[in-house]
Amino acid sequence: QVQLVESGGGLVQAGGSLRLSCAASGRSFSEYVMGWFRQAPGKEREFVAAVSRSARSTYYADSVKGRFTISRDNAKNTVRLQMNSLKLEDTAVYYCAASRTYYGDSYLKYDYWGQGTQVTVSS
């Protein structure tokens, strides 16, 4: 099992930047694909980005491509999401997730989740 704790959310103006972090417990962090998802009020949880176990491969939703960067540090059991050029529509609760076997954008196939961190983008 792995426990995930997100941090770094907050209030930012449109066009600004935030960096989210997700700290994972356990000794097998490098065995998990890691992903970021988000959920806005009244909407379904949606995929943001994923990174492979080795960090050699990353995958982004079209809505964030070119603005967000996912990275991981297996030595520190950490995955990060650098968010630049933030837009009003990026406002959501952001969740870190882990999967032992799946590398993709379906939230149904991720096994472990953090509690979420709120990101609010203001005009």
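Using a simple spin-label model with points 7 Å from Cα along the Cα→Cβ vector, what separation in nm is obtained for LYS76 and ARG27?
2.3
Can you list the GluC sites (Glu not before Pro) in the stretch 1-92 that are in a DSSP coil and have 10 or fewer other beta carbons within 10 angstrom?
The qualifying sites are GLU44.
In percent, how large is the relative contact order of the stretch 55-117, given Cα pairs closer than 8 Å and 6 or more residues apart?
23
Filter the trypsin sites (Lys or Arg not before Pro) in the stretch 1-88 down to the DSSP loop ones having no more than 13 other Cβ atoms within 10 Å, then list what survives.
ARG27, LYS43, ARG56, LYS65, LYS76
Quick one: if you stick a label point 7 Å off each Cα along the C-beta vector at SER57 and THR120, how many nm between them?
For the pair SER57/THR120, the computed spacing is 3.9 nm.
FYI, it's all coordinate maths here, none of it is from the lab. Bear in mind the structure is a predicted one, so any value in this text is a computation, not a measurement. When we count neighbours, we look across all protein chains shown, and the Cβ atoms used for this are built from the backbone with ideal geometry, even at glycine.
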